[in-house]
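A quick write-up on the structure given underneath.
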Amino acid sequence: MAAAAPPPPPSAAPEPSMAPPETTPLGHPLFTRIRLAAPSDVPFIHKLIHQMAVFERLTHLFTATESSLHSTLFRSPPFDSFTIFILEVSSTPIPPLPSIYPSFTSIEKTFNFDIPINDPEEDAFTVNFGKDQIIIAGFVLFFPNYSTFLGKPGFYVEDLFVRQCYRRKGFGKMLLSAVAKQAVKMGYGRVEWVVLDWNINAIKFYEQMGAKVLPDWRICRLTGDALQAYENANV
């Protein structure tokens, strides 16, 4: 009688799966991109500036029109004069853009939120790229200035604005960081801006980013009739 065959060796224990269980929610990814603005963005830029004027309680000073923005922006290459970064968001990956300016590459980042962001103004700020829909969520406008103390140029940030439903999620930091990163890339000495003294949240945000809020400086401005009075001034 033949001897019984030996029992098969024990099978290796299965490797533990690193994937989350199917019942575990994966959250809601939001794809973002910072790109250079183009003339076709002017209608959105105009609406964003108006919303910013409302937020800052300065609508009585708001006289900009789409026509005036068209005639004054985009007249020089980016970073030589007025430059605008646009913040785009989408629930699906954003289609790539052709690289037009070698001095700047669009910045992309993916955020993951527990719940989707409800944007009540989505239709008014949507750009269609074929079947893809991209939403404009904010912008930053800046231009070169110069520090005689440093002996270097810098950037002055005139406007930084993120629409209400997208605030306190890291997008403002992303926009301002993009300006600072570009300043370093170009060998500039500083980035500066102003903040309203009642906007405590903004002041804390800027301080957390490493900015020093200077209490001993005040803005001096000639504008409107006071500026026009110099038209025929004997200087």
**Complete:** Note on the range 39-79: residues touching a residue at least 24 places away in the same chain (Cβ under 8 Å), part of a loop (DSSP other than H, G, I, E, B) and surrounded by fewer than 12 Cβ atoms within 10 Å (Cβ to Cβ) are PRO77
**Fill in**
Matching residues in the range 133-177 (within 21 Å of LYS204 (Cα to Cα) and of a type in the set (Ser, Thr, Tyr)) number 3
**Prompt:** Can you tell me which residues in the range 142-160 are in contact with a strand residue (DSSP E or B) (Cβ under 9 Å, 6 or more places away or on another chain), farther than 23 Å from GLY170 by Cβ and open to solvent by 70 Å² or more (accessible area, probe 1.4 Å)?
**Reply:** TYR146, LYS152
**Complete:** For the range 223-235 the number of residues that are within 21 Å of PHE142 (Cα to Cα) and surrounded by 10 or more Cβ atoms within 10 Å (Cβ to Cβ) is 0
**Prompt:** Between a first residue in the range 108-129 that is of a type in the set (D, E, K, R) and a second residue that is open to solvent by less than 100 Å² (accessible area, probe 1.4 Å) and assigned to a strand (DSSP E or B), which pairs have beta carbons less than 7 Å apart while being 6 or more apart in sequence or on different chains?
**Reply:** GLU108/THR32; GLU108/ARG33; LYS109/THR32; ASP119/ILE135; GLU122/ILE135
**Prompt:** Quick check: is even one residue across the range 181-193 loosely packed, with under 13 Cβ neighbours inside 10 Å and among the polar types (S, T, N, Q)?
**Reply:** no
**Residues satisfying the stated conditions in the range 114-123, i.e. of a type in the set (A, V, I, L, M, F, W, C) and either under 18 Å from the mean Cα position of the chain (by Cα) or open to solvent by less than 40 Å² (accessible area, probe 1.4 Å) (or both)** = ILE117
**Failed item, numbered, when VAL213 is tested on (1) closer than 28 Å to ALA37 by Cα; (2) touching a helix residue (DSSP H, G or I) at 6+ places or on another chain (Cβ under 9 Å); (3) among the hydrophobic types (A, V, I, L, M, F, W, C); (4) surrounded by 13 or more Cβ atoms within 10 Å (Cβ to Cβ)** = (1)
**Asked** Somewhere in the range 134-141, is a residue closer than 23 Å to ALA183 by Cβ, touching a Leu at 6+ places or on another chain (Cβ under 8 Å), open to solvent by 70 Å² or more (accessible area, probe 1.4 Å) and not acidic (Asp, Glu)?
**Response** no
**Message:** Checking the structure you have, find out if any residue of the range 195-204 is in contact (Cβ under 8 Å) with a residue 40 or more places away in the chain and touching a strand residue (DSSP E or B) at 6+ places or on another chain (Cβ under 6 Å).
**Reply:** no
**Asked** Restricting attention to the range 165-180, which residues are of a type outside the set (A, V, I, L, M) and either in contact with an Asp or Glu (Cβ under 9 Å, 6 or more places away or on another chain) or surrounded by 13 or more Cβ atoms within 10 Å (Cβ to Cβ) (or both)?
**Response** CYS165, TYR166, ARG167, LYS169, GLY170, PHE171, GLY172, LYS173, SER177
**Complete:** Taking the range 25-35 and keeping residues hydrophobic (A, V, I, L, M, F, W, C) and either surrounded by fewer than 15 Cβ atoms within 10 Å (Cβ to Cβ) or more than 19 Å from ASP132 (Cα to Cα) (or both) leaves LEU26
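The values are calculated or read from the model by the stated rules, or taken from the named source; none is laboratory data. Model, not experiment: these values are computed from the prediction. Cβ: placed from backbone, ideal geometry, glycine included. Neighbour counts: every protein chain shown. All accessible areas refer to the heavy atoms of the entire protein, side chains included, with ligands and DNA or RNA removed. Shrake-Rupley method; radii C 1.70, N 1.55, O 1.52, S 1.80 Å.
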